Amino acid sequence: MGNESSRRNAARSNANNNFTRQNQGPVRCPRCRMLLQPPAGHDRFLCPCGQMLQAPQQQQMRVRCPRCQQTLVPPPGSPIFRCSCGTALRAPMQRGQSARAIQRVPSGPTPSPSAPGGGEVVDENMMPDDVVANQLYRPDAEQWLRNTGEDGHLHWVRLLSAKSEEKISSYENKTMEDIARNVNNLTSEQMMEKLAVMRIDTSDAFEKSELVDMLMNCRDLLSKMSIKQLKAALDNTICDYSTCIEKQDLVVRLSAVGWFGEGYFSDGFVRVFTGTPSNPSLDWVPAAKFTLDPYYKKYQIRTIEIEEMCSKPFNEKVKWFRKVCRDNKIKWEDGRVHIKVRRDQLLRDSFMNFNRLKPEDLRRFLRFEFLGEEGVDAGGVAREWFELVTDQCFNVDFGLFEYSGVDNICYQINPSSGIANELHEQYFLFLGRVIGKALFDQQIIRAHVTQPIFKHILGWPITMEDIEFIDPQVYRSLQDIEACEDIEDLYLDFTTNIEVFGETQTIPLKPGGEEIDVTNYNRQEYMQLKMKHIMLDRTKSQLAHFLRGVYDVIPEIWLSIFDYRELELLLCGLPNINVQDWKNNTIYKGQYASKGAKHKVIQWFWETLENANQEQRARFLQFCTGTSRVPVQGFRALQGSDGNIKTFNIVSIDLKTCMYPRAHTCFNRIELPLYKNREQLVNFVTQTINMDPTGFTME
């Protein structure tokens with residue numbers, strides 16, 4: 001009783017500090033198979049399906065002090081405690097596979113514990129609430145977290161949204177039924193491929209009927225494998241299995257992956273460098289298999305420091321980043337670079353000057369001079385140079401970039417840039433260096449690029465939803481393909497069409513793609529190859545040189561503390577958002593239509609934005625429209641995915657449907673719940689502003 005009381009008191013204390021301390025691991029409802037996090041301090045709780053559940057009981061944890069070798073029992077609810085010898089210790093934290101929380105570890109070398117479950121010495125200046133893992137579990141939102149793996153490198157961890165979990169569960173639940181209904185329609189080769197994915201030995205099967213029997217009883221066969229074998233089989237796919245807690249979960253997941261195909265269970269993809277530094281190229285790997293910069297140690301930055309900074313507010317991240325840049329800037333007395341350019345040949349002269357510089361020279365002080373003009377560069381000349389050079393590089397007439405498929409505000413890489421400019425790869429390298437130097441020297445770039453480019457810079461996972469920022473029509477087409485009951489009725493093959501200066505060309509998505517029909521059996525492979533073509537393959541040479549240029553100045557790990565929306569704010573600066581102009585150019589729908597701006601919820605909403613600072617307004621604008629940039633003509637000129645004016649609009653939804661605002665970025669629309677009072681609206685809108693971008697429910 002004493003321990004339970006202490007646990008509940010600790011939970012209440014943490015709630016007051018806006019933290020959620022996870023005392024119990026996630027559990028799966030046996031009725032609806034939804035993965036749930038038990039409420040802190042509650043042994044019994046209800047699943048949304050109505051099933052009453054019992055939270056798992058934690059076993060008493062014992063740790064050994066590495067200094068005095070005493071065996072200790074950590075106080076309930078206290079991840080940080082002190083040994084009687086005076087050493088401050090951090091207890092090992094039990095972490096569910098589906099809920100990877102961010103936590104700190106010692107800032108100095110940690111003595112190795114002499115026994116399993118040993119406590120770790122922590123910094124004496126770190127208070128308990130300062131090191132508690134902060135996990136915000138939002139079942140309506142999908143998240144990506146950077147987590148330190150067993151190899152000491154940073155890896156991506158995906159926290160499934162309720163929608164993703166429901167989709168995966170639906171496939172898992174109908175696997176055996178679907179096998180029984182369709183197994184006889186497969187050839188022996190197709191059956192053997194599916195069994196090979198499950199790592200079920202077919203060497204003794206000589207008849208088709210034996211293969212059928214193996215598939216019909218695949219879960220019984222998989223149950224005989226060890227957990228290690230099941231995970232090894234899943235590791236050989238692009239499937240995400242972080243939500244699988246028990247062995248039976250792994251069995252169910254592997255059987256579904258083997259039967260339906262790994263594409264239904266995959267997570268995002270991250271670009272990786274191939275080729276050589278002088279001739280870089282890109283490929284991509286599943287996010288779960290991506291490792292951030294294995295050579296991070298040469299920058300004297302520990303992965304745990306990055307993991308810690310990822311959870312900090314934006315202003316603290318900026319302070320950390322600025323300090324790292326200052327510490328690595330070559331001193332004035334150790335040499336600087338003087339760049340002279342002609343105003344009428346600005347881009348050409350700048351291009352030639354930057355190409356002669358070595359990567360280390362880009363961290364020196366740069367002094368710019370416009371030939372024939374008097375003036376000392378005390379900062380103003382540099383600002384003008386960055387502004388003019390980037391304006392020319394992003395000018396669509398120059399050929400490197402084109403307007404995004406959503407609006408004429410953001411830019412995306414032009415796949416045909418090589419036709420427009422034969423030196424396009426060198427210019428992308430040059431522009432990458434300019435962008436990197438702007439970040440290094442705290443310069444502002446006026447041009448905004450599409451969200452996927454910011455993701456590529458950060459090595460952030462790319463998902464199917466990102467296609468909407470490039471080509472909304474293709475995105476909707478892929479959604480229709482996924483929902484189609486019989487894909488063969490569409491008569492598709494593994495090719496795609498591209499348009500080069502008005503001429504349509506057909507290219508294969510894989511070798512021999514012209515001869516391969518898209519079927520229900522291979523539709524997921526087709527969709528992933530289509531996504532890879534749009535998001536990477538058609539611009540991978542340009543993107544590789546651009547990223548190499550950025551990393552010549554700013555190592556990737558320095559930027560990894562930011563999310564892609566924060567990177568846009570860091571590079572492009574905070575816009576001056578006029579809330580009154582925003583309000584004057586807004587349309588109201590649903591229950592808000594009759595009263596408009598006079599509706600009490602709408603009044604609370606605008607008052608909340610008026611009380612927000614420019615950073616918070618910018619982040620909310622990003623949430624609503626996909627970018628923090630406001631058109632020159634103001635909010636009346638906002639564009640939709642079709643390139644036409646699409647006025648910002650607010651639609652009412654029932655509070656029972658969703659507690660947080662929901663955004664439809666391509667339509668400049670948010671769904672604002674009908675909150676009961678001002679405090680409720682302020683709470684959820686403020687959380688939306690401050691949340692990680694992957695925490696938003698975006699479509």
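The values are calculated or read from the model by the stated rules, or taken from the named source; none is laboratory data. Since the model is a prediction, treat every value here as computed from it, not as a measurement. Cβ placement follows ideal geometry from the backbone for every residue including glycine, while neighbour counts extend to all protein chains displayed. For accessibility, only protein heavy atoms count, side chains too; no ligands or nucleic acids. Shrake-Rupley method; radii C 1.70, N 1.55, O 1.52, S 1.80 Å.
Which lysines have a Cα less than 27 Å from the Cα of residue 323, not counting those fewer than 8 places away in the same chain? Partners within reach: 297, 298, 312, 331, 358, 437, 455.
Of the whole protein surface, residue 679 contributes about 130 Å² of accessible area at a 1.4 Å probe radius. Ordered by solvent-accessible area of protein heavy atoms (1.4 Å probe), largest first, the residues 674, 559 come out as 674, 559.
Where does the charge balance sit around residue 652 when Lys and Arg score +1, Asp and Glu -1, over other residues with C-beta under 10 Å from its C-beta?
Working: positive: 589; negative: 654, 671.
Surrounding charge for residue 652 is -1.
Derived scalar couplings between HN and Hα for the range 461-478 equal x, 9, 10, 4, 5, 5, 4, 4, 6, 9, 8, x, 5, 5, 4, 5, 5, 5 Hz in order, rounded to whole Hz, by the Karplus curve 6.51 cos²θ - 1.76 cosθ + 1.60 (θ = phi - 60°), x for Gly and Pro. Taking packing as the residue-averaged number of other Cβ atoms within 10 angstrom, the listed peptides 667-673, 472-478 run from highest to lowest as 667-673, 472-478. Measuring nothing but alpha carbons in the range 549-636 and taking Rh as the Kirkwood radius, the Rg to Rh ratio lands at 1.10.
Remark: accessible surface ordering of 482, 307 (largest first) is 482, 307, probe radius 1.4 Å.
Only one residue of 310, 284, 325 has its Cα farthest out toward the positive end of the dipole of the range 257-338, where Lys and Arg carry +1 and Asp and Glu -1 on Cβ, and that residue is 325. Given R0 = 45 Å, the distance between the Cβ atoms of residue 279 and residue 182 translates into a calculated FRET efficiency of 0.45.
Calculate the dipole size of the range 415-506 relative to its Cα centre from +1 charges on Lys and Arg beta carbons and -1 charges on Asp and Glu beta carbons; express the result in debye to the nearest 20.
1020 debye
Given a 1.4 Å probe and the protein chains as shown, residue 165 ends up with an accessible area of around 20 Å².
Summarising the overall dimensions of the range 322-464 from its C-alpha atoms, the Rg and Dmax are 16.1, 52 angstrom.
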